[in-house]
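The values are calculated or read from the model by the stated rules, or taken from the named source; none is laboratory data. Computed from a prediction, not measured in an experiment: that's the story for all the values here. For neighbour counting, all protein chains shown are included, and Cβ atoms are generated from backbone atoms with ideal geometry for every residue, glycine included.
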Amino acid sequence: MIPRSLRPVPGPSRLVSHLCTLWLLALVALVAACDKVPLLAPSQSTITLSASATQAPLNGDIEIRATVLEQSGSTVQDGTLVTFTTTLGTLEPREAQTTRGVAVARLQTGSTSGTARVNATSGGASTSGADGASLEIVIGAAAASSMALSAVPSAVPASGGTVTLTAVVLDEAGNRLVGIPVSFSSTAGALSTTSASTDATGEARVQLTTSREATVTATSGSRTATATITVNPAVSFTLATSANPAVNQPMSLTITPGTGPAPRVTIDWGDGSNDDIGFLAATRTVAHTYTAVGFYTIRATGTAEGDTFTTSLNLTVSQRPPVAVTASPTTGTTATDFSFTITPTAGALIQNVRIDYGDGAVEDLGAIAANTVRVHRYGSTGVRTVTVTQTETNSNVTTASVTVTVN
């Protein structure tokens, strides 16, 4: 063991080496500490905020840019840290570093309407907008300056119907706003939903089903608009005919419209035939011929503006009366002028009526349509049978006769 008095004493060179080592360690620690301190804007720097839009829908996304300049007007060093804050919504990220003097964050607007006031700070520099205040982003319904509401159709049938309501929310410049919540209420009927948001075209739509007049109110923020849905008068009309017709005799049906809208009317005659008479704007008379005896129900159906009305009328179709003949007087002498009145079948399409006086004299009267009187004098006594024969265009033949006595 070497006595303490004999151990070597460190020389000056070794001492210097120790000091250098210690200095280097301190420098490394200092550099590491500096790396942990954020780089902030120098004093007298300014920050100007801008945004990709000054209005945003709910649950939207807006880019916020902070431009940081030194007092000289040059951009700050890249990596300068900028902190963003907002009074509404959230910012991602809340802290961002500059690149070429600009730091970028995104404002997530969220589900609440209002005005977001965005600020940015870095060191001693703070937000400086155009008015020296925060950057303001109007979110959702807060951007609404006016709105309009329309209904299609604007009226429903008396039996009720459904209309589509369209609300448009506009900003101060008259531009349609997208993603704006709109609430709806109605004084009557049932709404398909009480709230909707404007779509990519700036329209919010709901439907209303009602059978009564209704006023619908659309609200977005402090703005409202109304639309009134009316109820059309009921479709109506009446049917009338003068008398029960005879078979193969044309009959007339009179249709008189009510006070409602002009309907398109179809007629079911009850015998298997139907007629579409078009729109009934005024009283119409329609003819029809039944070809068989029987009891018939005429049904007329009218439709207009989604409303339907049906009414009916009953009638009996009888056999047509045959041709008839009467004599005046029925007894006389060879000096008497006998008058014969021939009554043809009403409504028949007559080809010819022939009268045979019973004494060999015959006369063709042609296609008579009304009572016709013929006068005849007999040259000898006896009982005479006068026969009238009616021939129709459809070859139907009917006869009638009367007897006179000549003394």
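Hey, any hits in region 350-359 for a residue that's of a type in the set (Asp, Glu) and part of a strand (DSSP E or B)? Yes, region 350-359 contains a residue that is of a type in the set (Asp, Glu) and part of a strand (DSSP E or B).
Against the numbered list (1) within 28 Å of ASP271 (Cβ to Cβ); (2) out of contact with any Asp or Glu (no Cβ under 8 Å at 6 or more places or on another chain), ILE342 comes up short only at (1). PHE295 fulfils the conditions (1) out of contact with any Gly (no Cβ under 6 Å at 6 or more places or on another chain); (2) aromatic (Phe, Trp, Tyr); (3) touching a residue at least 24 places away in the same chain (Cβ under 8 Å) except for a single criterion, (3). Screening SER220, SER195 for residues that are touching a residue at least 12 places away in the same chain (Cβ under 8 Å), outside the structural domain of PRO257 (by TED's automatic domain parsing), in contact with a Pro (Cβ under 8 Å, 6 or more places away or on another chain) and crowded, with 18+ Cβ neighbours inside 10 Å leaves exactly one candidate, SER220. Anything in region 331-349 that is crowded, with 16+ Cβ neighbours inside 10 Å and assigned to a loop (DSSP other than H, G, I, E, B)? List them, or say none. The answer is PRO344, THR345, GLY347, ALA348. Filtered by the rule that a residue be surrounded by fewer than 16 Cβ atoms within 10 Å (Cβ to Cβ), within 15 Å of the chain's Cα centre (by Cα) and farther than 30 Å from GLY278 by Cα, region 223-249 gives a lone residue, THR228.
Taken over region 78-99, the criterion of being assigned to a strand (DSSP E or B), in contact with a Ser or Thr (Cβ under 7 Å, 6 or more places away or on another chain) and either small (Gly, Ala, Ser) or exposed (fewer than 15 other Cβ atoms within 10 Å of the Cβ) (or both) is satisfied by GLU95 alone.
Kindly check whether there is at least one residue in region 243-253 that is without any contact (Cβ under 8 Å) to a residue 12 or more places away in the chain, within 30 Å of ALA346 (Cβ to Cβ) and assigned to a loop (DSSP other than H, G, I, E, B).
Step one: of region 243-253, the residues without any contact (Cβ under 8 Å) to a residue 12 or more places away in the chain are 243.
If we keep only those that are within 30 Å of ALA346 (Cβ to Cβ) too, we end up with 243.
From the residues that got through so far, the ones that are assigned to a loop (DSSP other than H, G, I, E, B) too are 243.
Yes; the residues of region 243-253 include at least one that is without any contact (Cβ under 8 Å) to a residue 12 or more places away in the chain, within 30 Å of ALA346 (Cβ to Cβ) and assigned to a loop (DSSP other than H, G, I, E, B).
Among the numbered conditions (1) over 26 Å from GLY174 (Cα atoms); (2) crowded, with 20+ Cβ neighbours inside 10 Å; (3) in contact with a Lys or Arg (Cβ under 8 Å, 6 or more places away or on another chain), the only one that VAL102 does not meet is (2). If you go through region 286-296 and keep only what is within 44 Å of the chain's Cα centre (by Cα) and surrounded by 12 or more Cβ atoms within 10 Å (Cβ to Cβ), you end up with VAL286, HIS288, THR289, TYR290, TYR296. Considering only residues of region 198-217 that are part of a strand (DSSP E or B) and small (Gly, Ala, Ser), which is surrounded by the fewest Cβ atoms within 10 Å (Cβ to Cβ)? Among those that are part of a strand (DSSP E or B) and small (Gly, Ala, Ser), it is ALA214. Taking the criterion of being crowded, with 18+ Cβ neighbours inside 10 Å and not hydroxyl-bearing (Ser, Thr, Tyr), the residues of region 357-399 that qualify are GLY358, HIS376, ARG384, VAL386, VAL388, GLN390, GLU392.
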